[in-house]
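Bear in mind these aren't lab numbers, they're just calculated from the coordinates by the rules spelled out. Bear in mind that the values here come from a model prediction, so they are computed numbers and not experimental data. Cβ sites come from the backbone with ideal geometry, for glycine too, and all protein chains shown count toward neighbours.
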Amino acid sequence: MNEMYDLIVIGAGPAGLAAALAAHKAGLERILLIERDREPGGILNQCIHNGFGLHYFKEELTGPEYAGKFIHMLEGTGIELMTDTMVLEITADKTITAVSKTYGLQILKAHSIVLSMGCRERTRGAIAIPGSRPAGIFTAGTAQRYVNMEGYMVGRRVLILGSGDIGLIMARRMTLEGAKVLACVEVMPYSGGLKRNIVQCLEDFNIPLYLSHTITEIRGKKRVEQAVVSQVDENRQPIPGTEMIFDCDTILLSVGLIPENELTRKAGIEMDPRTGGAMVYENMETSIPGIFACGNAVHVHDLVDFVTAESQLAGTAAAQKDNAASHTVTLKNGSGVTYTVPQRIRPERVEKNVGVFFRVNRSCEKSAVIVRRDGEIAARYPKPYLAPGEMERVSLPKTLLEGANTIEISIEEAQG
Ligand SMILES: Cc1cc2nc3c(=O)[nH]c(=O)nc-3n(C[C@H](O)[C@H](O)[C@H](O)COP(=O)(O)OP(=O)(O)OC[C@H]3O[C@@H](n4cnc5c(N)ncnc54)[C@H](O)[C@@H]3O)c2cc1C
């Protein structure tokens, strides 16, 4: 098979669904969505808790409900959906190699591609926890899939390492399923999750959160029996004498997400080491014209509503014939900022404003977001509270971007 499509979207999570629908709305006809799982919806299918859609639909939905609304919107559009199909390779000339049980190996061609492969979880190997190698250690997302989709209870006495949102949500989920969640342990002095999840998933269930602590040893022969937790110093080194022993049969790891980008790298697309995703322009186009990226494959989002908005940009732009421009502004992350997305802006391609997402590298109160245009302060936005776990956004007007070479976003902390 060697079929030609206007657009091929890789990954049918919320990002891929929104991009495909936006491209259809913008006039593209032959659109193919490829998904390796057995159904579309991505990670939302296993997120049966509510809290999705507050921004986009102005109502509180569960993950499957949020995904379901977009899946319904596919009806009547003619967008083709190929599930159980894994994309193995894409090339700069937009040739896609995919494999499936039904169709075997396929070579497909497209005028444009949207990369929306989501992200994957860091595992025990990635963070090298010392101790034996018993059963009972899961990433929080894997446990979530087992409990919520496959009907398998992963354990009874649970310790959670890492306070990212998935870990927090699983602390509550395991409690509701009858397990005893002993504690959530976080190596940093602040949580990596949303404030609302700390309150609703830990505090409401009296689950202690140990900040500046980590697991220093896992004990157990066949199954986890004990975990040793120690306090860490400012260099994240365990402090001798602070050890606490937890008798547990399960450890859930919520220690970070990595944008899924093997295909992106192999195609020769420029990457941003700060996000782990592709470098993108204002409309989510990557360094290869006609290849776009969106959602968690670009940077890890905490709210799916922002994934949707960003992916609609990508899909709409994928329907344009040409996105080139004569002038590019480079975005820089200044003091206190970890990264920005997009990383580059072409003012000619901006209608009125560009939304720039960023994360801060420490918690701060009563601070301000400072926007510098070629080194001069151009805007200042007071912020009562900023935290690394919460993605921030500023809107830059076209007039601020025109003629500029660099825009820097930084944080100014209140003195004293
Ligand atoms: C556990 C958890 C809890 C969350 N809780 C909330 C919440 O309460 N509220 C909220 O707003 N947001 C929440 N989020 C965030 C939100 O769900 C994500 O930001 C969103 O799902 C990301 O969408 P995506 O399409 O980029 O990625 P995904 O949903 O991960 O979709 C990517 C898709 O690409 C497919 N894929 C990957 N590689 C290939 C390939 N090579 N070939 C074919 N298909 C491929 C995958 O199978 C997957 O279906 C949560 C996220 C997680 C992980």
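A simple rule links phi to the HN-Hα coupling: the Karplus curve 6.51 cos²θ - 1.76 cosθ + 1.60 with θ = phi - 60°, which for the range 137-144 gives 10, 10, 6, 4, x, 5, 4, 4 Hz, with x for Gly and Pro.
Expressed as a fraction of 2.2 N^0.38 Å, the value expected for a compact globular protein of N residues, the C-alpha radius of gyration of the range 168-278 is 1.30.
Of Lys332/Lys366; Lys109/Lys266; Lys25/Lys94; Lys195/Lys221; Lys195/Lys366, which sit over 25 Å apart, Cα to Cα?
Values: Lys332/Lys366 23 Å; Lys109/Lys266 17 Å; Lys25/Lys94 22 Å; Lys195/Lys221 37 Å; Lys195/Lys366 17 Å.
Among Lys332/Lys366; Lys109/Lys266; Lys25/Lys94; Lys195/Lys221; Lys195/Lys366, the Cα-Cα distance tops 25 Å for Lys195/Lys221.
Report relative contact order for the chain in percent, whole number only (criteria: Cα-Cα under 8 Å, sequence separation at least 6). It rounds to 15 percent for the chain. Panel order for Val356, Val199, by other beta carbons found within 10 Å of each beta carbon, from fewest to most: Val199, Val356. With helices as the sole contributors, the chain gives -4500 deg cm²/dmol at 222 nm; each DSSP H run of n ≥ 4 counts as -39500 (n - 2.57), and the sum is divided by every residue. A Cβ-based charge dipole, computed about the Cα centre of the range 1-156 with Lys and Arg at +1 and Asp and Glu at -1, lands at about 620 debye.
Note on Lys383: aspartates and glutamates with a C-alpha under 12 Å away, same-chain residues under 8 apart excluded, are Glu365, Glu392, Glu412, Glu413.
The range 131-177 and the range 318-344 have Cα centres lying 38 Å from one another. Amide H contacts under 5 Å for Arg122: Val255, Gly256, Leu257, Ile258, restricted to partners 5 or more places along the chain or on a different chain, H placed in the peptide plane at 1.01 Å from N. The chymotrypsin sites (Phe, Trp or Tyr not before Pro) found in the range 99-149 that occupy coil by DSSP, while having at most 16 further C-beta atoms within 10 Å, are Tyr103. Each of Asp84, Asp272, Asp233 was scored by other Cβ atoms within 10 Å of its Cβ. Arranged with the fewest first, they read Asp233, Asp84, Asp272.
With a/c under 1.5 counting as rounded, go ahead and sort the chain into rounded, prolate or oblate using the C-alpha gyration tensor (a ≥ b ≥ c being the square roots of the eigenvalues; past the cut-off, prolate if a/b is larger than b/c, else oblate). Because a/c hits 1.5 or more and a/b fails to exceed b/c, the chain counts as oblate.
Relative to the longest principal axis of the Cα atoms of the chain, helix 304-318 runs at roughly 20 degrees.
Would you mind ranking Arg346, Arg38, Arg157 so that the residue whose beta carbon has the fewest other beta carbons within 10 Å leads the list? It would help to have the intermediate numbers written out before the result.
Details: Arg346 20, Arg38 8, Arg157 17.
Sorted ascending by nearby Cβ count, the order is Arg38, Arg157, Arg346.
The range 271-346: which trypsin sites (Lys or Arg not before Pro) are DSSP loop and have at most 14 other beta-carbon atoms within 10 angstrom? Here the trypsin sites (Lys or Arg not before Pro) that fit, given the DSSP loop and packing criteria, are Lys321.
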